[in-house]
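The values are calculated or read from the model by the stated rules, or taken from the named source; none is laboratory data. All values reported here derive from a predicted model rather than from experimental measurement. Positions of Cβ are generated from backbone atoms using ideal geometry, with glycine treated the same way; all protein chains shown enter the neighbour counts.
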């Protein structure tokens, strides 16, 4: 019993020493935060026709928004995004039979859509830009999107386009 206690104390002491000497600094705070608002009410963020909203898919979109936004938001500024609806490209067509319950049929009539609200603030907390956007890519099938096997490739390309248009040439201030 004493050996276990000593081992635990040694491990905790080593972890504390590593932090004290800066061996493992905490990750820097992101300039971009993404908050899904009532994701269970999203139009279509699911993996199959019978399930509800997939937390994993919403999490992937959330991470992609955050990581991609880091390249567009200058240091000292903060961007808060609130996802209010997601409708992934394609649709499930259960009328095709039970084998198609988990196959997303991608056609031009099922474009990707993401509704969001955003607020960009400067270092002093002053709102520099804000608004509500309804992202839709009606020509999503006409683009070559990489990688072709990414199940969120159309949405990610639409998000990249939005960042490039909305925040191009943004200066810190």
Practice item. Could you run through the range 26-76 and say how many residues are part of a loop (DSSP other than H, G, I, E, B) and in contact with a strand residue (DSSP E or B) (Cβ under 6 Å, 6 or more places away or on another chain)? Key: 7
Review point. In the range 103-161, what residues are part of a helix (DSSP H, G or I), touching a residue at least 40 places away in the same chain (Cβ under 8 Å) and under 17 Å from residue 72 (Cα atoms)?
Key: 156, 158, 159, 160
Practice item. Go through 46, 67 for me and flag whichever is under 30 Å from residue 140 (Cβ atoms), surrounded by 10 or more Cβ atoms within 10 Å (Cβ to Cβ), at pLDDT below 95 and out of contact with any helix residue (DSSP H, G or I) (no Cβ under 6 Å at 6 or more places or on another chain). Key: 46
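Could you tell me whether the range 30-39 includes any residue that is at pLDDT below 90 and surrounded by 10 or more Cβ atoms within 10 Å (Cβ to Cβ)?
Step one: filter the range 30-39 for residues at pLDDT below 90, giving 30.
Then keep just the ones that are surrounded by 10 or more Cβ atoms within 10 Å (Cβ to Cβ); that gives 30.
There is at least one residue in the range 30-39 that is at pLDDT below 90 and surrounded by 10 or more Cβ atoms within 10 Å (Cβ to Cβ).
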**Study point:** Residue satisfying all of: in the range 94-120; surrounded by fewer than 17 Cβ atoms within 10 Å (Cβ to Cβ) and modelled with pLDDT of 95 or more; nearest to residue 172 (Cα to Cα) among these
**Key:** 119
